[in-house]
1. Could you check, for segment B:198-209, whether at least one of its residues is under 22 Å from residue B:64 (Cα atoms), in a loop (DSSP other than H, G, I, E, B) and touching a residue at least 60 places away in the same chain (Cβ under 8 Å)?
2. Does residue A:224 satisfy being in contact (Cβ under 8 Å) with a residue 40 or more places away in the chain, out of contact with any strand residue (DSSP E or B) (no Cβ under 7 Å at 6 or more places or on another chain) and not in a helix (DSSP H, G or I)?
3. From the list B:132, B:126, which one is surrounded by fewer than 18 Cβ atoms within 10 Å (Cβ to Cβ) and touching a helix residue (DSSP H, G or I) at 6+ places or on another chain (Cβ under 7 Å)?
4. All but one of (1) part of a loop (DSSP other than H, G, I, E, B); (2) farther than 25 Å from residue A:288 by Cβ hold for residue A:82; which doesn't?
5. Among the numbered criteria (1) within 16 Å of the chain's Cα centre (by Cα); (2) more than 16 Å from residue B:23 (Cβ to Cβ), which single criterion is violated by residue B:113?
6. Just give me the residues in segment B:6-27 being part of a strand (DSSP E or B) and either closer than 17 Å to residue B:184 by Cβ or in contact (Cβ under 8 Å) with a residue 40 or more places away in the chain (or both), in sequence order.
7. I need the full set of residues from segment B:179-191 which are facing chain A (nearest Cβ under 7 Å), more than 19 Å from residue A:297 (Cβ to Cβ) and in contact with a helix residue (DSSP H, G or I) (Cβ under 8 Å, 6 or more places away or on another chain), in order please.
8. Looking only at segment B:155-166, count every residue that is away from chain A (no Cβ under 14 Å) and closer than 21 Å to residue B:103 by Cα and tell me the total.
């Protein structure tokens, strides 16, 4: 199993009320709330945490990228990755992921190749469509989001593997001259992992290419459906999906006492947490969703029985205290439902084991920090994870037979002679 | 949506290499009606009144409503070229035209390219020109509903607005708006809702009777753009309604209809 650490590298000093007053949206909070001194300090702490994660035995350090938001300061993730390539020695540098539609694919191919070179072949590139707000932040036409994603993907793979120089004329990207000199160290190119919020289109796309798919802190039940969908597509493609094809990112906070961990875990819902990433109108800019996804969304936005609008943003009418009460409610249900796991190493391991049994992932990301949590508490959390949680998880992975994608090549498993796939999720979940 | 099946019918024309859905109604000299960025809003009172003396031809732009997307149309000038081809193939030219907002931009592009395809041109708060003061309201960073709410000056005094948009949003309506927003994004994402070459090219247009209608309190396309249109199109007439937003055809329906009828008489 591949176990990696993750945090958003949030700018943690924005007052919670400002996020709520902004319509429960980190995106769009005025950057006058950014203090460069504190930002600089945080970047150094976050790098130290990643070096520490390596010392503690994590297999990977995962980064992500978001633009123009205190939710995540890593707006140019490749800069951070390049630094990690040099200051770490062993861990995989897992980028989940570069938003391809907003990228210049040739430049991205060069950046990633440089990171792979400098790290000595430790790069795991991962690619995303990018949240709706990223399209706005980068002024990239959301109506061509998936087209741009697909075209950029195909182009980068070619740029890494097809001898240059050559000319490229696509729909969204055009290059007179493609001959990148620095190419990835890993051949033919590094493994590519695809993270996401279980949109079926992306799950199918990943399965067809035998790319591991990593669900990002999604609800258990639909995640199980996603794993089964992936495995069904794998069967059509003629291979048996296994743990090496699946990953899950889980909110986990550990501390010396249960009480302390519960307190720190509130950071995950600070300002509304993931649910307050960006307002609906920024999450779903025009044409960002497929026709099918728009149909699903139309139902989510509207109660089909009564025609009542469920989500309707009304600026200037935010009741901060009411929102805080609902955040507290959501926190309770996130703990009860297992979306957030908090406690001492002993208590969190029970739930982690359950997740491993059910989802059977070969990749497990531990999202250990969000919100106002001190550097000391973050380091303590990492230490406890490394010293007590990781060894136990490795034993579980052994016992449950959950190989990661560097133990079994994703897509290399043969289907049974019947041509029908084996189950991929734990039996307990069938109910 | 206020509809009266007695007054209009919908027909699919095989034209310009595609299937174009065209809503038609009325009798008399034809008028081409080019709809706005959120699609054809439905058959309204002004349609009914104008249809007494004119045949209204309301194509649903490719990618809107029932008209399928046309892959090669990637900007408003392409769409204007498409309609030029439609007019030629249907022998509709020269024709009177009314364009609303984005549809007004399409009509202006057509005029700039080939003014002879029109008899008379009516532009209702058209996008297409960068306003010298202010910005065209960005429909892509707000919900369709918020955009519509900003499109009239006084919704409470505009019964037709309440009729069109006042009720609860249905999944079908949400989907139709999302389709329209997506196609508009494909056509007009950047520069947003204008073409820097439109003004200079319109300056070459002569002999095309042109009526420009605007609401003084238009929050979507600032009135400053109206002056540029008026200056660019030689001999054009600008009518500005007081206490009126971006939708004079519903907010000042009676005055609007009277004004257009007078111009097209």
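1. Pass one, segment B:198-209, residues under 22 Å from residue B:64 (Cα atoms): none.
Within segment B:198-209, none of the residues are under 22 Å from residue B:64 (Cα atoms), in a loop (DSSP other than H, G, I, E, B) and touching a residue at least 60 places away in the same chain (Cβ under 8 Å).
2. Working: in contact (Cβ under 8 Å) with a residue 40 or more places away in the chain: yes; out of contact with any strand residue (DSSP E or B) (no Cβ under 7 Å at 6 or more places or on another chain): yes; not in a helix (DSSP H, G or I): no.
Judged against the criteria, residue A:224 is not a match.
3. None of the others qualify; the one that does is B:132.
4. Of everything listed in (1) part of a loop (DSSP other than H, G, I, E, B); (2) farther than 25 Å from residue A:288 by Cβ, residue A:82 misses just condition (1).
5. All conditions pass for residue B:113, except number (1).
6. B:8, B:10, B:12, B:13, B:15, B:18, B:19, B:20, B:21
7. B:189
8. Within segment B:155-166, the subset away from chain A (no Cβ under 14 Å) is B:155-164.
Okay, now just the ones that are also closer than 21 Å to residue B:103 by Cα, so B:160-161, B:164.
Final tally of qualifying residues: 3.
The values are calculated or read from the model by the stated rules, or taken from the named source; none is laboratory data. Keep in mind that what you see is a predicted model, and the values were worked out from it rather than measured. As a convention, Cβ positions derive from the backbone with ideal geometry for all residues, glycine included, and neighbour counts pool all protein chains shown.
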